[in-house]
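Novice: After the structure tokens below, expect a handful of questions from me.
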Amino acid sequence: MDGKMRKNLQFFTVAAVFGFLLGGCASNGALSTQKIAAGEKAITDAKVGNASLNAPAELNMAEGKMVQAKEALAKKEYEKAARLAEQASIDAEYAHTKASTAKTKKTVEEMRKNIDALRQEIERLSQK
């Protein structure tokens, strides 16, 4: 192999390695962006599910982690951004579930009250 061919080979090897490194960073950034989008959707779903009323602390925690994830993404700290976005998603899903459970408990309590009222009415009518 002559000197010119060796230099070309070295150049292409370095260029390929550099390309893979840049591709890796871009994919981490894209992955972080996807996780942030998923976290934002989870937060939106939690808000729609009345988490702001029934699980405000959990929702606030999710929103705080989402802010931190966006800041990390802006600083190109992709792993940190992805991790925080995942945590925000989990917190938001927990808030949504907690809110849904609270709503179900309220519905059950209302049904119990209605059943009790119907029983009392049946007893009253049967005594006549």
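The values are calculated or read from the model by the stated rules, or taken from the named source; none is laboratory data. Small disclaimer: the values here were computed from a predicted structure and weren't measured. Methodologically, a virtual Cβ is constructed for each residue, glycine included, from the backbone with ideal geometry; neighbour enumeration extends over all protein chains shown.
Novice: What single numbered condition from (1) out of contact with any helix residue (DSSP H, G or I) (no Cβ under 7 Å at 6 or more places or on another chain); (2) assigned to a helix (DSSP H, G or I); (3) farther than 19 Å from Gly29 by Cβ fails to hold for Lys128?
Specialist: (2)
Novice: Please pick out the residue among Asp45, Asp91 that is within 26 Å of Asn28 (Cα to Cα) and modelled with pLDDT under 95.
Specialist: On the way: Asp91 fails: modelled with pLDDT under 95.
Just a single option satisfies the conditions, and that option is Asp45.
Novice: Still on this structure, I have one more. Quick check on segment 24-35. Is at least one of its residues of a type in the set (Lys, Arg) and under 24 Å from Lys103 (Cβ atoms)?
Specialist: Step one: of segment 24-35, the residues of a type in the set (Lys, Arg) are 35.
Imposing the further condition that a residue be under 24 Å from Lys103 (Cβ atoms) reduces the set to none.
Taking every residue of segment 24-35 in turn, none turns out to be of a type in the set (Lys, Arg) and under 24 Å from Lys103 (Cβ atoms).
Here's the yes/no breakdown for (1) surrounded by 16 or more Cβ atoms within 10 Å (Cβ to Cβ); (2) free of Cβ contacts under 8 Å to residues at least 40 places away in the same chain; (3) not aromatic (Phe, Trp, Tyr):
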residue	(1), (2), (3)
Pro56	no, yes, yes
Met61	yes, yes, yes
Lys65	yes, yes, yes
Lys70	yes, yes, yes
Tyr78	yes, no, no
Glu93	yes, no, yes
Lys106	no, yes, yes
Ile122	no, yes, yes
Ser126	no, yes, yes
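Novice: Please state which one of Glu110, Glu123, Glu63 is in a helix (DSSP H, G or I) and within 30 Å of Leu31 (Cβ to Cβ). Walk me through how you get there before you give the answer.
Specialist: Working: Glu110 fails: within 30 Å of Leu31 (Cβ to Cβ); Glu123 fails: within 30 Å of Leu31 (Cβ to Cβ).
Just one listed residue meets the conditions, Glu63.
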